[in-house]
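Written out below as structure tokens is the structure these notes cover.
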């Protein structure tokens, strides 16, 4: 349990990225949280495609629910500040985007160099993307199993607290 004004660094000294979440279910052992959408959510150019304005926002938030150990006796309806290592976010992003992209491009370039035919390069790109997605899924599973992608409780959010507020008096 972290007190108010807790360190904004993980145990390895890497900075934490903070976010807000609301407790949607809790018992003595586990609290289920849903991340809050930021005020900018819905205001970007792709808002119509992301589901926020089309009424799919609630379903998407439900899909993003996550569990935390309820060491802090969190109760349903409470708003809390959670943190995840900046390094973990970078690793997760690289896993989700870089691995499939690099596998796809590598396979396409290799096929083009070996055969000189665009059709083979295109087929190799699809095969490389598929292999990259499988590799990324395995790596994400390992990151999740180690707990690298699990947010941690930092503190209760103060009334009216928004992003970049530290909650300090």
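The values are calculated or read from the model by the stated rules, or taken from the named source; none is laboratory data. Note that the structure is a prediction, hence the values are computed from the model and not measured. Using ideal geometry, Cβ is built from the backbone for each residue, glycine included, and neighbour counts are taken over all protein chains shown.
Residue-by-condition table, conditions (1) at pLDDT 85 or above; (2) out of contact with any helix residue (DSSP H, G or I) (no Cβ under 6 Å at 6 or more places or on another chain):
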site: 62; (1), (2): no, yes
site: 68; (1), (2): no, yes
site: 91; (1), (2): yes, yes
site: 94; (1), (2): yes, yes
site: 117; (1), (2): yes, yes
site: 133; (1), (2): yes, no
site: 139; (1), (2): yes, no
site: 144; (1), (2): no, yes
site: 153; (1), (2): no, yes
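Kindly establish whether residue 145 is closer than 30 Å to residue 67 by Cα and touching a residue at least 40 places away in the same chain (Cβ under 8 Å). Here the answer is no, as residue 145 does not meet what is asked.
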